[in-house]
Each structure stands twice: as structure tokens, then as C-alpha cells.
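Structure first, commentary second.
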Amino acid sequence: MPEYTFDSLVEIMKKLRSPGGCPWDAEQSHDSLKRYLIEECYEVIEAIDHKDDELLKEELGDLLLQPVFHAAVAEERGVFTIADIIQAICGKLVRRHPHVFGNQIIATSEQQVENWEKIKKAEKGDKRSSALSGVPPHLPAILKAQKIGEKASRVGFDWDSHQQVLCKIKEELNELEIALDGGNQTRIAEELGDLLFATVNLGRFMSIDSEDALSKTIHRFTTRFSHIEASLRRQGKALQDTAIDELERLWQEAKACEHAVKS
């Protein structure tokens with residue numbers, strides 16, 4: 001196999017986009033590529049979760065292709081090149097790590113986060129109208145909620161203890177129960193949203209990534225549900241025809257198997 005380099009990837013992408021190259025690659029635009037960028041990010045995360053180094057290497061390559069692809073499209077439009085992207089990110093990293101590339105002293109990661117935001121704010125000329133500005137609008141809702149909470153916390157809008165956050169969750173749960181009794185779907189949706197937001201804030205306050213925590217819960221649910229389906233299939237039973245007590249027994253059985261594997 002040839003010894004490829006980063007420059008090789010750039011040149012391959014240009015050839016794919018050139019006349020006589022690949023029709024599909026040549027047809028792509030920044031807009032059409034958006035979905036692939038998102039998909040590749042999630043596939044990298046999946047490889048990390050599986051702790052599969054070979055798969056991670058492959059998926060990181062697929063992800064790396066995306067900025068190279070966008071750079072090729074942009075260069076054809078005469079707006080920027082891959083070299084411009086690298087110049088911009090290297091400059092940003094040097095500017096925002098003055099404790100590494102300069103004389104500033106920073107002792108903790110928390111101080112670095114604060115300093116990064118301060119430098120970022122100065123670079124942008126303090127043009128943002130709100131302390132909550134800068135959160136990408138297309139982030140998944142749970143990740144977006146965590147980001148919003150982090151930004152609010154940095155300007156002092158936060159609780160003093162996790163007990164206070166728990167009280168807020170209980171308050172939102174009570175309001176949801178009242179809304180459910182009232183039967184107004186709009187109000188129920190609003191209160192459910194408030195409860196979810198408060199719960200994400202508890203995760204943030206406890207330095208837990210709520211997106212990751214929920215993903216793991218979904219995985220556990222899926223695994224246990226599959227155990228129930230497999231058990232019933234072996235007995236020649238249909239899930240929808242099985243009594244709830246039997247389903248609960250199989251659910252607990254799946255949990256016990258799960259715990260046995262962990263121990």
C-alpha cells in the first residue's frame with residue numbers, strides 16, 4: 001500500500017471533484033454535506049463507546065474527510081483553502097493557551113476554561129448580546145441544555161449545592177403532575193420540558209454529561225428489552241400477549257444477568 005499523507009488526502013479529494021472524477025463527489029455542496037458531517041461524528045462516538053481502536057481509526061478517517069471535502073468546495077468558490085483552515089485553528093490554539101505559548105500562569109483546568117472564554121470574548125469584540133450566545137442552534141436538545149447551563153453558571157447564575165437542584169427537580173415534577181391533572185397538552189409539554197431542563201442541570205452541576213448518561217441508559221434499556229424478546233421467543237410467546245408480571249420478572253432477570261457480567 002502507498003504511504004499516504006495528509007497532502008495525499010487533499011489531492012485525492014481534488015481529483016474526485018475534478019472533471020472526469022467522481023460524479024457524486026463533484027455534485028456535493030456545503031449544504032448537502034451537512035448530514036454526513038453529523039453522521040460521521042456519531043460514528044466516531046460509537047467507536048469510542050465500543051472501545052474499538054481499529055474502528056475508531058477508521059471512523060476518525062471518515063470524519064477527517066469532511067473538513068477536507070468542505071475545504072475543496074470552498075477553494076473552488078475562491079473563499080478559503082485547507083491551509084487557511086489549519087492556519088486559523090493553529091493561531092487560535094496559540095492565542096488561547098497563553099500559559100503554554102506565553103508567560104501567563106494557569107494552574108487548573110477551570111481557570112483555563114474561564115481564560116479561554118475571556119480571550120474568545122475579546123477576540124469577537126464583545127459583540128454578543130447575551131452571556132448565552134454562541135450555542136449552536138442545531139445541537140441535540142440535551143447537549144444544548146447542558147451548554148446553556150454552563151454559560152449561565154459562568155456569570156454566576158447557578159445553584160450553590162446539588163440539593164438545591166434536586167429541590168428544583170421536585171418542584172418541576174410537582175408542576176408537571178398539576179398540568180397532567182389539568183389535561184392541557186401545551187401546559188404538559190411545557191412542564192415536561194422544564195423537568196428535563198432541571199434534570200440536565202443536575203447532571204451539569206455534578207459534572208456528569210447528561211447526553212452520555214442518557215445514551216447509556218438507552219443502551220441498557222435496549223439490551224434488557226432484547227433479553228425479554230429472546231426469552232419469550234424461546235417459549236413461543238408473543239410480547240404483546242404476555243402478562244405484565246411476567247414481563248417484569250424477565251426485566252429483573254435481564255438486570256441480574258447484566259450485574260453478573262459486570263462483577
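Each label was represented as a point 7 Å from its Cα along the Cα-to-Cβ direction; for Ile208 and Leu9 these points are 3.6 nm apart. Glu114 sits among other residues whose Cβ lies under 13 Å from its own Cβ, and their net charge, with Lys and Arg +1 and Asp and Glu -1, is +3. Bridgeable aspartates and glutamates around Lys237 (alpha carbons under 13 Å apart, same-chain partners fewer than 8 residues away excluded): Glu229, Glu246.
Near Asp209: Cβ cut-off under 15 Å, other residues only, Lys/Arg at +1 and Asp/Glu at -1. The net charge is 0.
Excluding same-chain neighbours fewer than eight residues apart, the aspartates and glutamates reachable from Lys57 by a Cα-Cα span under 20 Å are Glu3, Asp7, Glu39, Glu40, Glu43, Glu46, Asp49.
The overall shape of segment 88-129, judged from the alpha-carbon gyration tensor, is oblate: a/c is not under 1.5, and a/b is no greater than b/c.
Pairs Lys120/Lys151; Lys92/Lys121; Lys120/Lys216; Lys144/Lys168; Lys147/Lys255: which are spaced more than 22 Å apart, C-alpha to C-alpha?
Values: Lys120/Lys151 13 Å; Lys92/Lys121 13 Å; Lys120/Lys216 33 Å; Lys144/Lys168 19 Å; Lys147/Lys255 33 Å.
Among Lys120/Lys151; Lys92/Lys121; Lys120/Lys216; Lys144/Lys168; Lys147/Lys255, the Cα-Cα distance tops 22 Å for Lys120/Lys216; Lys147/Lys255.
Between Gln240 and Ala131, the FRET efficiency estimated from the beta carbon spacing at R0 = 41 angstrom works out to 0.25.
For every helix of n ≥ 4 consecutive DSSP H residues, a contribution of -39,500 (n - 2.57) applies; sum these over the chain, divide by its total residues, and give [θ] at 222 nm rounded to the nearest 500 deg cm²/dmol. Present the calculation step by step, with values, prior to reporting the outcome.
On the way: 12 runs with 195 residues, N = 263.
Here the helix-only value at 222 nm equals -24500 deg cm²/dmol.
Our summary of shape: the Cα atoms of segment 41-149 have principal axis extents of 38, 38, 31 Å, ordered from largest down, in whole angstrom.
If exposed means no more than 11 neighbouring beta carbons inside 10 Å and the site is in a DSSP loop, what's the longest run of the chain without any exposed chymotrypsin sites (Phe, Trp or Tyr not before Pro)? Walk me through the numbers before you get to the answer.
Details: sites that count: Tyr4, Phe157.
With a cap of 11 other Cβ atoms within 10 Å, the longest stretch comes to 5-156.
Which residues does the label zone of Asp160 cover in segment 176-205, counting backbone N under 19 Å from a point 7 Å along Cα→Cβ? It comes to 202, 205, nothing else. Give the label of the value calculated from the structure for Rg/Rh (Cα atoms, Kirkwood Rh), choosing from (i) 1.05; (ii) 1.10; (iii) 0.95. Of the labelled values, this structure produces (i).
Segment 38-112: which trypsin sites (Lys or Arg not before Pro) are DSSP loop and have at most 16 other beta-carbon atoms within 10 angstrom? Numbers along the way, then the final one.
On the way: sites: Lys51, Lys57, Arg77, Lys92, Arg95, Arg96; in loops: Lys51, Arg96.
Taking segment 38-112 and a limit of 16 other Cβ atoms within 10 Å, the loop trypsin sites (Lys or Arg not before Pro) found are Lys51.
Values in this text are rule-based calculations from the coordinates and carry no lab data. All values derive from a computational prediction rather than experimental measurement. Neighbour counts run over all protein chains shown; Cβ positions are idealised from the backbone, glycine included.
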